[in-house]
Structure formats: C-alpha cells, structure tokens
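Each remark here refers to the structure printed beneath this line.
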Ligand code: PFF
C-alpha cells in the first residue's frame, strides 16, 4: 500500500466544533468528575488547584498542541504517525496504543459502576445519609463477582456501538449531543451545591490556596492528573488530530480543549466540595467521594433524588465521550496498519478489552491477590498506565518533537505553513525542548522510585 492510499478515504471531522467537542469530550471524563475533586480534597484543596492550573498552562497546552500537530501532519494513527515522521519511532506510539487498551479495561469497570449508580439513584436506593451504609453499598457492588462485570460489559457495548459508527457518523455525532448536555447538567448541579446553607466553607477550601499544603507529592499528584485529564501521553490527540482537515487552526484548538477540560474540572470541584462541606462530610474522602459521600449529600439535600440521577447521568456522559476516544486509539491503529474493517476491528478489540477488565473487576473482590508492590490487579493496571506509560509517552513526545523531528517542522504544521498565527511559538519550542521533558522526566523517575 502506498502513502496516498494509506490516507485515502479516511474519515474526517465534519466541522471544527465537532472536533473540539469530541476532543474536549475525550479530555472531560472520570478524571474530572471523579478523580479531580477527591485528589484536590486530599491534597490541600486550593493549593492543589493552583499547581494544577500552573501545570495545565505550562505542560498541558504544550503537549496538547504537540499531539494534534503530529496527528494532523501525518493523518495516521499513533504508531503510524511516529513511524512516518521518523523510522524506528513507532514503538512510542505502540506504548500509547497499549496504554489506551489497558486504561479502557479498568475505565470501563468504573463506567459500569456509574451505570449501576444511575439505576440505584432512579430506584431510590440513596434514601440514607449514613456513610457506613453507603460505604457498604459501594463495597458490595465493587467486590461482587457478577454484577460489576455485567455492567462493565454494558459500558463496553455502548462504547463499541458509538465507535463502530466511525468519526463523523459515530464519535462526532454523539459528542455533539453529550457534551452540551454535560455542560448544562454540571452548571445546574453547581448552582444547587453553592446555594446550600454553609456552602461558603467548601468554596473557600477549594479556591483559597493554603501554601503550607504544597509539597513534592502535591506537585506529582497534580502533574499525573494533568496527563490523565487532558488525555495526553498516549497518542489520543494524535489520533483525533489525524482526522482534522489541513486548514483548521491548531493553536486555537490546543488552547480551547484544555480550557474546556479545566473549566469542567473546576465546576466539578464546585459542584461537589461545597455540598460536602455544607452537609458536614469529609472532603478528603478519597475515591469514595463520588460514590459514597455524594449519595449521602444528595440524601440530605432538597430535591436530592433528582440531583442524584442528574449527577450520575452526567458522569456517565463524560465517561462515554472519553471511553470512545480510548477505543478509537486502538481501532485506528488496527484499521490503518492491519487493514481490518472498522466493524471487525471495533468488535474484536472491544471484546479483548472487556476480557482484560474481568480480572480487574474481580481483583476488587474474590481475587484480591497482591500482584505488585501493595497493589491488586485493578490498581496495578492504573499504576502501569498513570505512572509509567503516560509520563513515558509524554516524555518521548517532547524529545521526538524537540530533538528528532524539530520544533521548526512542528511549527510549520501548526501554522498551516505560515497562514495561522502562533504567537507563542518560541515559548512553545522552549517548553517542549527543555522545560517539559525535564519536569516530566522528574515525575516519571520519582513515580517509579516512590
Ligand atoms: N481524559 C479522560 C478523563 O479525564 O477521564 C481519561 C482519558 C481518556 C485518558 C483518553 C487518556 C485518554 F487517551
């Protein structure tokens, strides 16, 4: 197959807004609604938020632009893209495809819990605000054998159903419906939360930085969160960028996507933490914040039953627009490189990811063997992706652009050959060549040692 045939007949985003919503949809997910509020809650609130924002500006925007540039330049999947620019670099994309595969296997398990919680909310299971009862409910769901696997299968089936429709007819079409609904829902919930009596304390905790709470582990937690939340380091934005037409404005998109993602993360914090404070719960509740503390909050809140359904629906929409991007990274590789049809690739890959999710789910219940450090299989998969594959992918991306392909070539692509403004290009070049690789290299090594 020659080069022109490789890209011939490739699907594309049908509109600029379609691409932005799909990419923002990929970024906005469980990372924002589930991980961000509890990580902020556990790391000093405002102090964490401030560092997070600083890292989004320095590392987030830079790598977002970098991935979209490579994707649009090559019009290929993550592996093909690296390889096309420089032979011998395909493995970096390969790490990304592997990361997408692995992340989706456990992401989908959590997505399944969310579907189960919608059912629970709709059937009035959250009538109690007793944390022990709610904690037991969560524990009994995640540790049972069959139920979470069935919901995980349901979540994967929804993801498959969208991705099989392709870019413009599947991913873009659904993102255009799900993302605006998500914005409306999150704003409604924020209004409910911040108008509860006593919410001010929570708003203060979230927005007022306590600098004494900043230490190395806060910074590491924030950088890891930036990668995961912006879908960076695994070629997801390379893949989405590869369906972008040659005349779209990359610097603008690379600014807008992190802004939307950060906006939703902040709104999620404002939706959750003030309510947690107002109703007297612990903001450092950890991963159970959304599944245990929030149902208690809803039980105590006027019209809480309705807001509970709305909230978990919101989480589900956000999770789906992310899971489809994870699946697309793997599917586009197999379609481009192995010439499989989209239908065959999507079905077989989804089945394989579903299969990997089964032991992940079981490791929270019957198969609770520690397999690495003090981690069960589910957490070990998270460690492999968040602490190894994503930072390594991000580091190699910087080195690739800064030192192999060259900043000038990348800037030429970003500006559509000089037609589009990219005022901060010199700063961008500096960050990608020096600042970002040093910062990311540091977190990568500390994460491995830690
Ligand atoms: N950004 C998603 C979230 O915040 O939930 C997760 C994710 C999606 C990570 C896609 C990586 C990725 F490529």
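Bear in mind these aren't lab numbers, they're just calculated from the coordinates by the rules spelled out. All of these numbers come straight from a predicted model, not from anything done at the bench. Quick reminder, even Gly has a Cβ in these numbers, built from the backbone with ideal geometry, and neighbours come from all protein chains shown.
How large is the helix-only mean residue ellipticity at 222 nm for the chain, computed as the sum of -39500 (n - 2.57) over DSSP H runs with n ≥ 4, divided by its residue count, in deg cm²/dmol to the nearest 500? Helices in the chain give a 222 nm mean residue ellipticity of -22000 deg cm²/dmol.
Calculated on C-alpha atoms, the gyration radius of the range 232-289 divided by its Kirkwood radius gives an Rg/Rh of 1.21. With springs connecting C-alpha atoms under 10 Å apart, model the chain as a Gaussian network and identify which of 407, 59, 119 has the largest mean-square fluctuation. Looking only at 407, 59, 119, the biggest GNM fluctuation is shown by 119.
Considering only 22, 121, 318, the Gaussian network model of the chain with Cα springs below 10 Å gives its largest mean-square fluctuation to 121.
For the range 258-324, the relative contact order works out to 18 percent when only alpha carbon pairs closer than 8 Å and six or more residues apart are counted. The orientation-averaged projection of the convex hull spanning the C-alpha atoms of the range 64-205 amounts to 12.8 square nanometres. Seen from a random direction on average, the alpha-carbon convex hull of the chain projects onto 19.9 square nanometres.
Fraction of C-alpha pairs exceeding 17 angstrom in the range 376-450: 53 percent, rounded to a whole number. Relative to the longest principal axis of the Cα atoms of the chain, the long axis of helix 216-229 makes an angle of roughly 70 degrees. For the range 178-258, a Kirkwood hydrodynamic radius built from all Cα pairs, placed in the Stokes-Einstein relation at 4 °C and 1.567 mPa s, yields a translational diffusion coefficient of 79 µm²/s. Each listed q (0.20 Å⁻¹) maps to a log10 I(q)/I(0) for the range 141-291, found by the Debye formula over equal Cα scatterers with no solvent: -1.39. Rounded to the nearest 0.05, the FRET efficiency derived from the C-beta distance between residue 176 and residue 212 at R0 = 35 Å is 0.20.
Using only alpha carbons, build the gyration tensor for the range 281-392 and give me the equivalent ellipsoid semi-axes, biggest first, whole Å.
Each semi-axis is √(5λ); the values are 32, 22, 13 Å.
Between residue 344 and residue 139, the contour length at 0.36 nm per residue exceeds the Cα-Cα span by 70.2 nm. Residues of the range 36-57 falling in the label zone of residue 375, defined by backbone nitrogen less than 19 Å from a point 7 Å along Cα to beta-carbon, are 36, 39. Annotation for residue 123 and residue 187: the two label points, set 7 Å from Cα along the Cα-Cβ direction, are 3.4 nm apart.
Spin-label model, residue 388 to residue 150: label points 7 Å out along the Cα-to-beta-carbon direction sit 3.5 nm apart.
Pair-distance distribution of the range 312-450: all C-alpha pairs, bin width 5 Å, starting at 0; shares per bin in whole percent are 2, 8, 11, 12, 14, 17, 16, 11, 6, 3, 1, 0. Computed over the alpha-carbon atoms, the range 1-111 gives an Rg to Rh ratio of 1.04, Rh here being the Kirkwood radius from the mean inverse distance. Under the criterion of Cα pairs below 8 Å and six or more residues apart, the relative contact order for the range 171-320 equals 43 percent. Relative to the longest principal axis of the Cα atoms of the chain, the long axis of helix 250-278 makes an angle of roughly 10 degrees.
Evaluated at q = 0.22 Å⁻¹, a Debye calculation over the C-alpha positions of the range 91-172 (equal weights, vacuum) places log10 I(q)/I(0) at -1.06. For the chain, the longest principal axis of the C-alpha atoms and the axis of helix 342-362 are separated by about 40°.
Solvent-free Debye calculation, one equal scatterer per alpha-carbon of the range 140-225: log10 I(q)/I(0) at 0.14, 0.15, 0.20 Å⁻¹ equals -0.99, -1.03, -0.97.
When you restrict to C-alpha pairs under 8 Å that are six or more residues apart and normalise by the size of the chain, the relative contact order lands at 33 percent.
Working value for the range 192-238: equivalent-ellipsoid semi-axes of 30, 18, 5 Å, each the square root of 5 times a Cα gyration tensor eigenvalue, largest first.
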